1. Filter region 34-61 down to residues that are in a strand (DSSP E or B) and within 15 Å of the ligand (Cβ to nearest atom) and give me whichever is surrounded by the most Cβ atoms within 10 Å (Cβ to Cβ).
2. Has region 212-235 got at least one residue that is out of contact with any helix residue (DSSP H, G or I) (no Cβ under 7 Å at 6 or more places or on another chain) and within 16 Å of the ligand (Cβ to nearest atom)?
3. For the structure I just gave you, tell me whether residue 156 is in a helix (DSSP H, G or I), outside the structural domain of residue 311 (by TED's automatic domain parsing), touching a strand residue (DSSP E or B) at 6+ places or on another chain (Cβ under 8 Å) and farther than 21 Å from residue 214 by Cβ.
4. Hey, residue 231 hits all of (1) crowded, with 23+ Cβ neighbours inside 10 Å; (2) in contact with a strand residue (DSSP E or B) (Cβ under 6 Å, 6 or more places away or on another chain); (3) farther than 24 Å from residue 283 by Cβ but one; which does it fall short on?
5. List the number of the failed condition for residue 225; all other conditions in (1) farther than 30 Å from residue 100 by Cα; (2) not in a helix (DSSP H, G or I) hold.
6. When you check residue 122 against the structure, is it under 18 Å from the mean Cα position of the chain (by Cα) and either farther than 16 Å from residue 320 by Cα or in a strand (DSSP E or B) (or both), yes or no?
7. Hey, among the residues in region 161-171 that are away from the ligand (no atom under 16 Å from the Cβ) and within 21 Å of residue 242 (Cα to Cα), which one's surrounded by the fewest Cβ atoms within 10 Å (Cβ to Cβ)?
8. Can you confirm whether residue 114 is away from the ligand (no atom under 12 Å from the Cβ) and either surrounded by fewer than 21 Cβ atoms within 10 Å (Cβ to Cβ) or assigned to a strand (DSSP E or B) (or both)?
Ligand code: GAL
């Protein structure tokens, strides 16, 4: 009897102690959860290209508006580093992760690591391929980017009356899935003309890491091989146009060769109004960044997303959201870049004499 009472008392004491422990831990968790903001990880390839700093700022602002917090890691075009970055973000306890991959195929590993820890992932702007664990992809219409660039180039050269123009094409980084979409869009426009012998691609190459120095080297090589007989440079992005225009300047060809681009970087817009670049593609980055921030916060809190489209990432159909893009030239600079406050009037027309500028808005 004594033993039974003893056991009962011991059991009671243990239950009380255990109960206290549970409730202590429970209430502590609540307090901690209340104080701790939802942490969202952002793993970026690089921030050399001016667009990425804008993406980062707009993304961070929206997450903070929604009551969250962002922790950012930048890999400087290094895949090993970007995998380490993802590991670090997991360790930091992020509730959702947004990845702008340097190499879309390599970063499948990062997505899988996050997934194994129950962390949802969003592929930002560039598609991460070869993993079924990716939750969502948010981007712009990348094929259309290529269509706009090539259409502008072809039509401008035609308007100049150049018969069978010779062009050099600067493709993006091979590690970036977008580069192939840009090429696909460009090819849709160019290949029928090449087949009809109406245009000639005299030189083309991929630009590693999307670096201007590589673009310059390729244009230098094209000039060495073909001389000054070049009418257009189909640069897949403004960061490549930077290098192309430098190479043209050295040869006294700047302003004489039609140059395209993408991203509406400030330097590119300045070149467009000055006449040393002709076109760029404006991607409303703020829109994309805010949309992804909202998605990340939803995923982080276990809510579901409604996403309109999907894309094959070579592992499964991934839900995809696509934001609109716009063609930008000297003629519509005011209605696009300036009107949208992407850059200010003073910034864009900085190098243009006052009397040659359009009317200030
Ligand atoms: C692409 C991106 C472009 C451009 C390029 C170089 O993936 O879609 O907007 O910035 O990278 O950074």
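The values are calculated or read from the model by the stated rules, or taken from the named source; none is laboratory data. Predicted model, so just to flag it, every value in this text is computed and none were measured. Note: ideal-geometry Cβ built from the backbone for every residue, glycine included; neighbour counts use all protein chains shown.
1. 43
2. Yes, region 212-235 contains at least one residue that is out of contact with any helix residue (DSSP H, G or I) (no Cβ under 7 Å at 6 or more places or on another chain) and within 16 Å of the ligand (Cβ to nearest atom).
3. On the way: in a helix (DSSP H, G or I): yes; outside the structural domain of residue 311 (by TED's automatic domain parsing): yes; touching a strand residue (DSSP E or B) at 6+ places or on another chain (Cβ under 8 Å): yes; farther than 21 Å from residue 214 by Cβ: yes.
For residue 156, the condition - in a helix (DSSP H, G or I), outside the structural domain of residue 311 (by TED's automatic domain parsing), touching a strand residue (DSSP E or B) at 6+ places or on another chain (Cβ under 8 Å) and farther than 21 Å from residue 214 by Cβ - is met.
4. (1)
5. Only one criterion is unmet by residue 225, namely (2).
6. Yes, satisfied.
7. So the residue we want is 166.
8. no
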